[in-house]
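The values are calculated or read from the model by the stated rules, or taken from the named source; none is laboratory data. None of these values were measured; they are calculated from a predicted model. Here the Cβ positions follow ideal geometry from the backbone for every residue, glycine too, while neighbour counts run over all protein chains shown. Just the protein is used for accessible areas: all its heavy atoms, side chains included, with ligands, DNA and RNA removed. Shrake-Rupley method; radii C 1.70, N 1.55, O 1.52, S 1.80 Å.
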Amino acid sequence: MQDMQLLEEGLSLMALGMGFVFVFLTLLVIVTTLMSKVIGRFFPEPVAPAVPVRGRGAAPRGQDDDVMVAITAAVHRYRRRHHR
Amino acid sequence: MEKLLTLWHGSGVYNLTPGQAVMILVGMLLLYLAIAKKFEPLLLVPIGFGGILANIPEAGLALSALDQAIEVAKPAVLQQLATALGVTLDPLANAEAWREALKGVAHDGAAPDALRAARDIAVGVGYGDGMLYSFYRVAIASGIAPLIIFMGVGAMTDFGPLLANPRTLFLGAAAQFGIFATLFGAVGLSALGVMDFSLNQAAAIGIIGGADGPTSIYVSSVLAPELLGAIAVAAYAYMALVPLIQPPIMKLLTTQKEREITMTQLRPVSKREKIVFPIAILLLVAFFLPDAAPLLGMFCFGNLMRECGVVERLSDTAQNALINIVTIILGLSVGSKLMAESFLAVETLGILALGIVAFGIGTSAGVLMAKLMNMMSKIPINPLIGSAGVSAVPMAARVSNKVGLEANPHNFLLMHAMGPNVAGVIGSAVAAGVMIKYLG
């Protein structure tokens, strides 16, 4: 009878423990998802969009044109060779 | 001649018991596994060496002052101890029989006051606590060492993949089934009369299935200190064996098609989410499971130090210097529990066997849960990442990645598997909290 009681205790601890782990982590999923949404909507990272804008703006215009010319020439030549 | 005989009687060879000899060999085996086979060397080297130290005859490094006095003191001192403990010694028996009788009383059945008085006598005669015994009291009996390690683990953990896909927390929860199934297994073995585990001991054994060293040590130090040596050795040995234990189970439970599933790329996670997350866990713990607060509190604290970005120095210390120092002391303290009387028992074999079952069940439960989630949701989930739900960070995630690559060489699951992997750490800490709440 002692054994049966031990088994019962074990079984109830198993059910209780597993149940609680699931409940807790489910709560954590909900809280995490909510938190991500709230932060994404109300407190977005201010740094992220600032960096690429500054990078593009800093490039000198003249050099840009040179690069464009070179690329256009290369594309032109490539197309001619492959349309033959 | 008389002097020579005294020297011989004081030597290790004369006093070596068979049990101690076997335990020294076990310590050597652990060292071999750590050094030659690279089994969790950071822990098994100190544990193995501590095990050898603890079994040096006559040195009593792992004994308290009282035990040491009982072990080696002169008969006159033994009589003093007997009066303090309230034992009557048979005047006809020899000193060895007295020692046995005193040891029996000192370990169970003596009133705290009597024990304290006996201890004072032992200290007064000049016996002191062994080095490893002191390490054990300070590091493990107080619960401090596993908690500081947990803080370091928190400071090393990146919750990014988990935050990008919070549903993977379910996988970490499912894999904890290994813990509770093993608990039930241990209770079942006792009911069948094969072994003799109490419910507390069964719970401490089950935690091996959480595949989390510090959590196992913490729980067994609270619930079943007498089994701590075997449990810690089993936990760390099996963590090293994760790459061997898991793949066959994972392949058995999934089809080739499921293993080939590619998962959508994770979204980037902002710094702010990462900072708020450990605080969110902490609040949930505070509201719902205060018993998990020591473990998860330290874990969240470590993680907050990492993510907040203003205490680089503290985070660096927690991840490196501090965790290394504590690992040394923790390893030696665990080694002090590898004493012949407690380790050489059928129960140890039972613990080793149940431990591997715990790993297997945890892995299967994680994989099956991932299959279920894959069927239910529109976003595909590769069932292989479920096995990473048993913690064993980052080994289990690497195993998922490796098995995934075998099925589909272009499928990198590592980052996806890190989510369930750290979820497993949270899950096993929660499971530990429930057990301590229920049984502590």
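Could you tell me how many cubic angstrom of Cα convex hull volume the range B:3-118 has per residue?
Working: hull volume 15.3 nm³, N = 116.
Here the figure is 132 Å³ per residue.
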### Task
Compare the Cα positions of B:Pro57, B:Ala73, B:Leu44 along the charge dipole of the range B:16-98 (+1 at Cβ of Lys, Arg; -1 at Cβ of Asp, Glu; about the Cα centre) and return the one farthest towards the positive end.
B:Leu44
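Kirkwood hydrodynamic radius for the range B:292-440: how many Å is it when counted over pairs of different Cα atoms? Walk me through the numbers on the way to the answer.
Values: mean 1/r = 0.0551 Å⁻¹.
One decimal place: 18.1 Å for the Kirkwood radius.
Give me the summed buried accessible area for the B-A pair, 1.4 Å probe, to the nearest 100 Å². Write out the running numbers ahead of the final one.
Values: alone 20110 and 8480 Å², together 25280 Å².
Separately minus together, B and A give about 3300 Å² buried.
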### Message
I'd like to check one number: the per residue accessible area of the protein assembly as shown, probe 1.4 Å, reported in Å² as a whole number.
### Response
48
### Query
Cα centroid distance between the range B:377-440 and the range B:177-248, in Å?
19
### Query
For B:Trp8, what accessible area in Å² do you get when you roll a 1.4 Å probe over the heavy atoms of the protein chains, rounding to the nearest 10?
120
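Averaged over B:183-196, how many beta carbons belonging to a partner chain fall within 10 Å of each residue's beta carbon?
On the way: counts 5, 6, 1, 1, 9, 5, 0, 5, 8, 2, 1, 0, 0, 0.
Mean partner-chain Cβ count within 10 Å for B:183-196: 3.
Counting partner chain Cβ atoms within 10 Å of every residue's Cβ in B:423-430, what's the average?
On the way: counts 3, 0, 0, 4, 5, 1, 1, 8.
Taking all residues of B:423-430 together, the mean is 3.
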### Task
Heavy atoms only, probe 1.4 angstrom, no DNA, RNA or ligands counted: give me B:Tyr14, B:Tyr133, B:Tyr238, A:Tyr78 ranked by accessible area, highest first.
A:Tyr78, B:Tyr14, B:Tyr133, B:Tyr238
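If you build the Cα gyration tensor of the range B:47-195 and take the root of 5 times each eigenvalue, what three semi-axes come out, in whole angstrom, biggest first? List each step's numbers first, then the result.
On the way: eigenvalues 397, 92, 37 Å².
Rounded to whole Å, the semi-axes are 45, 21, 14.
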### Summary
Per-residue accessible area, 1.4 Å probe, largest first, puts B:Lys251, B:Lys437, B:Lys378, B:Lys257 in the order B:Lys378, B:Lys257, B:Lys437, B:Lys251
### Whole-number D in µm²/s for the protein assembly as shown (Stokes-Einstein; Kirkwood sum over Cα pairs; 10 °C, 1.306 mPa s)
62
### Message
Mean-square fluctuation check for chain B, GNM, Cα pairs under 10 Å: which of B:Val233, B:Val390, B:Val125 is largest?
### Response
B:Val125
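Of the listed pairs B:Lys103/B:Lys337; B:Lys38/B:Lys402; B:Lys37/B:Lys437, which have alpha-carbon separations greater than 29 Å here? Present the calculation step by step, with values, prior to reporting the outcome.
Working: B:Lys103/B:Lys337 17 Å; B:Lys38/B:Lys402 19 Å; B:Lys37/B:Lys437 38 Å.
Cα-Cα > 29 Å for B:Lys37/B:Lys437; rest within.
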### Message
Given the options B:Ala122, A:Leu34, B:Thr6, identify the residue whose Cα lies farthest towards the positive end of the charge dipole of the protein assembly as shown (+1 on Cβ of Lys, Arg; -1 on Cβ of Asp, Glu).
### Response
A:Leu34
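Ratio of alpha-carbon Rg to the 2.2 N^0.38 Å globular estimate for the range B:80-151, to two decimals, please.
Numbers: Rg = 15.9 Å, N = 72, 2.2 N^0.38 = 11.2 Å.
Compactness ratio reported: 1.43.
Restricting to Cα atoms and excluding each atom paired with itself, what does the Kirkwood estimate give for chain B in Å?
Numbers: mean 1/r = 0.0429 Å⁻¹.
When all Cα pairs of chain B are included, the Kirkwood radius is 23.3 Å.
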#### Entry: Rounded to the nearest 10 Å², the accessible area of B:Leu284 at probe 1.4 Å
10
### Task
Please calculate the 1.4 Å probe accessible area of B:Cys300, with all protein chains present, and give it to the nearest 10 Å².
10
## Note on the structure
Over chain B, the sum of -39500 (n - 2.57) across DSSP H runs of at least four, divided by residue number and rounded to 500 deg cm²/dmol, gives at 222 nm -22500 deg cm²/dmol
